[in-house]
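Structure first, then comments.
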Amino acid sequence: MTARIIHLRSDEEDALHAAVDTLREGLPVALPTETVYGLAADATNPLALTRIYETKGRPRFNPLICHMADFAMAEQHALFDPVSQRLAEHFWPGPLTLILPLKEGTPIHPLATAGLATVGVRVPVGFAGSVIRRLGRPLAAPSANTSGKVSPTSAQHVAEDLGEKLALIIDGGAAPVGVESTILCVEGNTVRLLRPGGVSAEQIEAVTRLPIVRQEAPTATIEAPGMLASHYAPGAPVRLNAVAVGPDEALICFGNQEVAGQNEAAALFDLSPAGDLAEAAANLFDYLKKADAIRPRGIAVAAVPNEGLGEAINDRLARAAAPRS
Ligand code: TXA
Ligand code: MG
C-alpha cells in the first residue's frame, strides 16, 4: 500500500470527505494538527486503534490522546474539575492536553487509554477539528511517526516514514507550532506538567495562578510512557550544549549565536536567527531530520534558552540525546 496524499489547500472538502470515509472503514489517517501530524483513528473502534499501535510499532501500554471537536464533546467523555475546565476554556482549541477521569459509559475504547481510568483530551485547531465534527466521534491520534523516532511536522515527513503503511495522508503544509501539546494533570490545587509543549508553563500559570509541579526525570511509568528517556531520536548521536563543532558534525544553533568551528561544520541549521522561540519550535523536528539526512558523525546542538517554548524544545532535545535503549 502506498498512501494517497490529498492537499488541503487544493480541495479541503475532498480531503474532509476522504478522511472521514477512511476513518469509517476503520483505517488510520495521517492528518495535520497545529502541533505535529497525527495518526488518527476512531477512538471507539478497537480494530482501528490496533492498527495505530501496529503502524507505529508503539507499545500498547502507552495511551493515546483523544481529540475532540470542542469542549461540549469533551464533556461527554471526561470529567472536568474547575481548574481543568478553566484551562480548557482558555486554551482550546490549541496545543494543550488534559489528563481527566473517564466518564462512565463513554464509548472510548480501553485500547485508546491503555486501560487506564483517565483519558488524555485535547481539542485541535483547524482541519482535524472539522474531521472530528463530521465523524461525530473522538479521534485517538499519536504523532504520525514510527515509535521512538522524531515527530513529523510535514506530510513529507509522514510519507517518508510511514507512507508504505498508510492509505491516506492529508497534506496541510508545515505544522505551525512544531512541538507536541503540553500535557497537564490537575490534582486538587496542584497542576502537574507531564510534558512541556506548545503552551508554555508561564502561560498556564498566568491562567491558573497555581504553581506548576514538573515531572521529575524522564521515567518509564505508566503515567507518561511517551516520556521514555530515548524518544525523538534521529539516527546520528546528538550532543547538547555544544560550544564547538567538528567538521564531521552537523550543528543546530539558535539566535545567530557563534559556535567555534561552525564555518567548517558539515552543515549548520539555525532554529531561529532572530532568536524567536516559537519559530525555533516550528523548525526543530524538520532541522533534526535535515541534519540527520546528511549522515554526519554526530549532531551538535548549541544551548537554547529554557524559558517559554524553550522548555519544550529542550525537553525534546534531551530525549533526542538520551542513551538509546
Ligand atoms: O500534540 C500532540 O499532543 C500530538 C498531536 C497529534 O495531537 N499527539 C501526541 O501524541 O503527541 P503522542 O501519542 O505522541 O503522545 C501522547 C502522550 C504520551 O506520552 C502518552 O503517554 C500520554 O500522552 N498520555 C495519553 N493518555 C494519557 C493518560 N491517560 N495518562 C497519562 N498520560 C497519557
Ligand atoms: Mg509521539
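The values are calculated or read from the model by the stated rules, or taken from the named source; none is laboratory data. Since the model is a prediction, treat every value here as computed from it, not as a measurement. A quick note on method: Cβ atoms are made from the backbone with ideal geometry, for glycine too, and the neighbour counts reach across all protein chains shown.
Give me the residue from the stretch 260-304 that is more than 26 Å from the chain's Cα centre (by Cα) and part of a loop (DSSP other than H, G, I, E, B) and, out of that set, surrounded by the most Cβ atoms within 10 Å (Cβ to Cβ). This residue is 265. Tallying residues that are under 17 Å from the mean Cα position of the chain (by Cα), in a loop (DSSP other than H, G, I, E, B) and buried (at least 22 other Cβ atoms within 10 Å of the Cβ) within the stretch 55-74 yields 3.
Residues considered: 72, 30, 19, 43. Of these, the only one that is over 19 Å from residue 181 (Cβ atoms) and touching a residue at least 40 places away in the same chain (Cβ under 8 Å) is 19.
Here residue 158 clears all of (1) within 14 Å of ligand 2 (Cβ to nearest atom); (2) surrounded by fewer than 16 Cβ atoms within 10 Å (Cβ to Cβ) except the condition numbered (2). Scanning the stretch 97-110 for residues that are more than 16 Å from ligand 2 (Cβ to nearest atom) and either of a type in the set (D, E, K, R) or within 19 Å of the chain's Cα centre (by Cα) (or both) gives 98, 100, 103, 104.
Sub-6 Å Cβ pairs linking a first residue in the stretch 133-146 that is in contact (Cβ under 8 Å) with a residue 12 or more places away in the chain to a second residue that is of a type in the set (Val, Ile, Thr), at least 6 apart or interchain, are 134/20; 135/20; 137/44; 139/132; 143/36; 144/158, ordered by first then second residue. Taken over the stretch 142-176, the criterion of being closer than 21 Å to residue 94 by Cβ and part of a strand (DSSP E or B) is satisfied by 143, 170. Among the conditions (1) within 30 Å of residue 34 (Cα to Cα); (2) part of a loop (DSSP other than H, G, I, E, B); (3) modelled with pLDDT of 95 or more, the only one that residue 257 does not satisfy is (3).
For residue 179, are the conditions met, namely being touching a residue at least 60 places away in the same chain (Cβ under 8 Å), part of a loop (DSSP other than H, G, I, E, B) and more than 16 Å from ligand 2 (Cβ to nearest atom)? So residue 179 does not fit the description; no.
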